[in-house]
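Worksheet for the structure shown next.
The values are calculated or read from the model by the stated rules, or taken from the named source; none is laboratory data. Source: prediction; values computed, not measured. Here the Cβ positions follow ideal geometry from the backbone for every residue, glycine too, while neighbour counts run over all protein chains shown. Quick note on the areas: whole protein, heavy atoms, side chains included, nothing else; ligands and nucleic acids left out. Shrake-Rupley method; radii C 1.70, N 1.55, O 1.52, S 1.80 Å.
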Amino acid sequence: MRSSEVGPSGQESIFLPRRGVFPLGATGRAPLELPDGLPPAVGGTVDHTLSESETPYSVIRAASIRGLLHRRANEERQDAYSVTWDAESETLLIVVCDGVGSLPDSRRAADFLCSILPSLYLESRSWRSAIEGANRALFDFAAGNSGVDRMASTVVAAALAPAPAGLGAEIAWTDDSTIWALREEGWSLLTQDVDGEEPIHTGSVRALPTERPRIRTQKLHAVDCPIFIMSDGVGTPLAMADEVGSQLTAWWSDVPDAFSFARQVGFARRTFVDDRTVVGVWPKVRSETTVGSARWQLSRLNPSSR
Amino acid sequence: MSTPAYSVTEGSITSGQIIMPFYIVCDVSSSMASDMKALNKALADLVNAIRNDPVIDDMTMISVISFSNSAQVEVPLQAPSEVILPVLSAGGGTFFGSAWEAYHSAFQWDSAELKALGCKVFRPCVFFLTDGKALDGGRWQDTFQRLLSFDNESLSGNAAYPYVCAFGFRDASEQSLAEIAYPDFGTKKGKWFMSHSDEIGQLLAAMADVIGRTVISSGQTAALGRPSIVVEDPENNSGIIMGEAGAVDAFV
């Protein structure tokens, strides 16, 4: 039996009552049959987190959802995010980290990077410099805790601030976590795809800490559409399936409330059972008032199907 | 050999999903006649162990191919929970070449169908089970070389080569199993497993246990989006020794 709610578009959406998430395509057996699992061990983290906030020029929703695979193994969520605001420079800082699942303490690496990167960025105003510094710090952190060979994490990050052309951004990424823009014509990947055309899927990644971090950065001069910073738990199905892109478009063309956003991020889809983390930023459009000062308002996106 | 009937229902597949395909290739030559009850039970237990895990059932597909004089796809590639196992029966000689031809044809078909549905197909893993030596010794290697092998230095051949674990008992030998296991290059070579036990029922159950746990462990890696074939060790006291492709000496 499924429950329903009326979504932001006014349409009724059916969600799975057991998990409280929306089905998106074939769900497979895992979302329907897996038990809830044990609580985390002492020192562990909570299953899911969510955030809602607003700046003068943007609205933000964030959710990090424990994946079914970790639930099955009684392991904790290994994704993490941070959303921080520097009032002095009016900079919004977003970091999403995906702990490497094969290493037992990767959640601690993800948490560490999410906490340290915003301040490192504000010191240098460079994601490359910030990530290199965070990489070195993570080596020390790991060595002082359970060991460098027991934790690792990817990083994707964005810094948004007012610019002459509107809202500017610098983005950075190390592996397969991604940033997407939802434009009128559909989804657009802002970060480089790792996999090329291979006869067989391999899924390799090089996470921090590493001797030679693979850091890529890009500047965006006018962010005039929603952007989403996400781990591969959502990025991969979005890249692979038009059906996912179409549904996320329907959900995120307007700003959802935080609880609906979490339900949407946790969508049930067969074989996609990893942790899910998405931070969505809906920019406001800047308009000049009659007395010359800027005012920001949310604009409604009317995207076509993907 | 006829083209296998593809039995995955399109509605159970989601575009973008990772599929880890596993092929169980079984010797059903006449020398296996007294073992067929145990073999059928081992296969049933193996499938049940996998289908009891809903995450792994979603991530993996299995197929069963039998061979003697010729080969036949007994179970087309599909989710473990959809498998209906036929009762295998024994008869005929032992021709490895027909088994490899059947596997190659099946995987080409399966892979094309799954990719057409938008799936990402991981490197296939073959579990090859035999109780003896091939009657087409020398020729089956040519078949494998022609259809399935990959040259890691020149990067020529079949880039979608299978990862092969060879299981043998009775008249099989470590040497023949080391030849079957594949690849024989790289950091992750194929594995072979051999039992000299007379307790055929027990050894088949133990081998099926290795296969089942390998499928489950491998499926777990796929669920994290970073698939890898994880070959499990046999249980202690199972009487099974194991080694690596191209090497006759067993691990200690």
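Observations, loosely collected:
- Scanning the range A:226-252 for residues that are outside any helix (DSSP H, G or I) and modelled with pLDDT under 95 yields one hit, A:A241.
- Annotation: B:G97 fulfils all but one of (1) of a type outside the set (D, E); (2) open to solvent by 30 Å² or more (accessible area, probe 1.4 Å); (3) away from chain A (no Cβ under 14 Å); the unmet one is (2).
- The residues of the range A:91-115 that are open to solvent by less than 10 Å² (accessible area, probe 1.4 Å), under 17 Å from A:G233 (Cβ atoms) and outside any helix (DSSP H, G or I), listed by number, are A:I94, A:V95, A:V96, A:C97, A:D98, A:G99.
- Number of the condition not met by A:L138 [criteria: (1) out of contact with any helix residue (DSSP H, G or I) (no Cβ under 8 Å at 6 or more places or on another chain); (2) farther than 23 Å from A:F261 by Cα]: (1)
Table: residues versus (1) within 20 Å of B:F122 (Cβ to Cβ); (2) more than 14 Å from chain A (Cβ to nearest Cβ); (3) touching a Ser or Thr at 6+ places or on another chain (Cβ under 7 Å).
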| site | (1), (2), (3) |
| --- | --- |
| B:F169 | no, yes, yes |
| B:S173 | no, yes, no |
| B:P183 | yes, no, no |
| B:H196 | no, yes, no |
| B:V210 | yes, yes, no |
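- Residue count for the range A:138-174 under the criterion of being out of contact with any Leu (no Cβ under 8 Å at 6 or more places or on another chain) and open to solvent by 20 Å² or more (accessible area, probe 1.4 Å): the result is 12.
- Those residues of the range B:185-237 which are of a type in the set (G, A, S) and outside any loop (DSSP other than H, G, I, E, B), in sequence order: B:S195, B:G201, B:A205, B:A206, B:A208, B:G212, B:S217, B:S218, B:G219, B:A222, B:A223
For every residue, the table says whether it meets (1) under 18 Å from A:L69 (Cβ atoms); (2) over 15 Å from the mean Cα position of the chain (by Cα).
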{"residue": "B:S195", "(1), (2)": "no, yes"}
{"residue": "B:E199", "(1), (2)": "no, yes"}
{"residue": "B:L203", "(1), (2)": "no, yes"}
{"residue": "B:Q220", "(1), (2)": "yes, yes"}
{"residue": "B:V231", "(1), (2)": "no, no"}
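- Residues in the range B:233-252 that are farther than 13 Å from B:S176 by Cα and exposed (fewer than 15 other Cβ atoms within 10 Å of the Cβ): B:D233, B:E235, B:N236, B:N237, B:F251, B:V252.
- Screening the range A:81-96 for residues that are under 13 Å from the mean Cα position of the chain (by Cα) and more than 23 Å from A:T271 (Cβ to Cβ) and picking the one that is nearest to the other protein chains (Cβ to nearest Cβ) gives A:Y81.
- Exactly one residue among B:R139, B:R170, B:R146, B:R226 is out of contact with any strand residue (DSSP E or B) (no Cβ under 7 Å at 6 or more places or on another chain), under 19 Å from B:V28 (Cα atoms), of a type in the set (D, E, K, R) and open to solvent by 30 Å² or more (accessible area, probe 1.4 Å), and that residue is B:R170.
- Residue in the range A:232-246 that is farthest from A:A158 (Cα to Cα), counting only those that are more than 10 Å from chain B (Cβ to nearest Cβ) and either of a type in the set (G, A, S) or surrounded by fewer than 22 Cβ atoms within 10 Å (Cβ to Cβ) (or both): A:S246
- Scope the range A:175-195; condition open to solvent by 50 Å² or more (accessible area, probe 1.4 Å), part of a strand (DSSP E or B) and closer than 20 Å to A:V285 by Cα; matching residues: A:R183
- For the criterion of being assigned to a loop (DSSP other than H, G, I, E, B), within 14 Å of another protein chain (Cβ to nearest Cβ) and either open to solvent by 50 Å² or more (accessible area, probe 1.4 Å) or within 20 Å of A:L93 (Cα to Cα) (or both), A:R206 passes.
- Every test in (1) more than 23 Å from B:I19 (Cβ to Cβ); (2) modelled with pLDDT under 95 is passed by B:W192 save one, and that test is (2).
- Scanning the range B:1-30 for residues that are at pLDDT below 95, buried (at least 17 other Cβ atoms within 10 Å of the Cβ) and over 30 Å from A:G235 (Cα atoms) yields a total of 1.
Rundown of residues vs (1) at pLDDT 95 or above; (2) among the small types (G, A, S); (3) farther than 22 Å from B:K191 by Cα, yes/no style:
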position: B:D53; (1), (2), (3): no, no, yes
position: B:S68; (1), (2), (3): yes, yes, yes
position: B:V73; (1), (2), (3): yes, no, yes
position: B:L77; (1), (2), (3): yes, no, yes
position: B:Y103; (1), (2), (3): yes, no, no
position: B:C119; (1), (2), (3): no, no, yes
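- Only residues that are assigned to a strand (DSSP E or B) and either among the acidic types (D, E) or closer than 26 Å to B:T221 by Cβ (or both) were counted across the range A:50-84, and they come to 8.
- So A:V255, is it of a type in the set (V, I, T), in a loop (DSSP other than H, G, I, E, B) and away from chain B (no Cβ under 14 Å): yes
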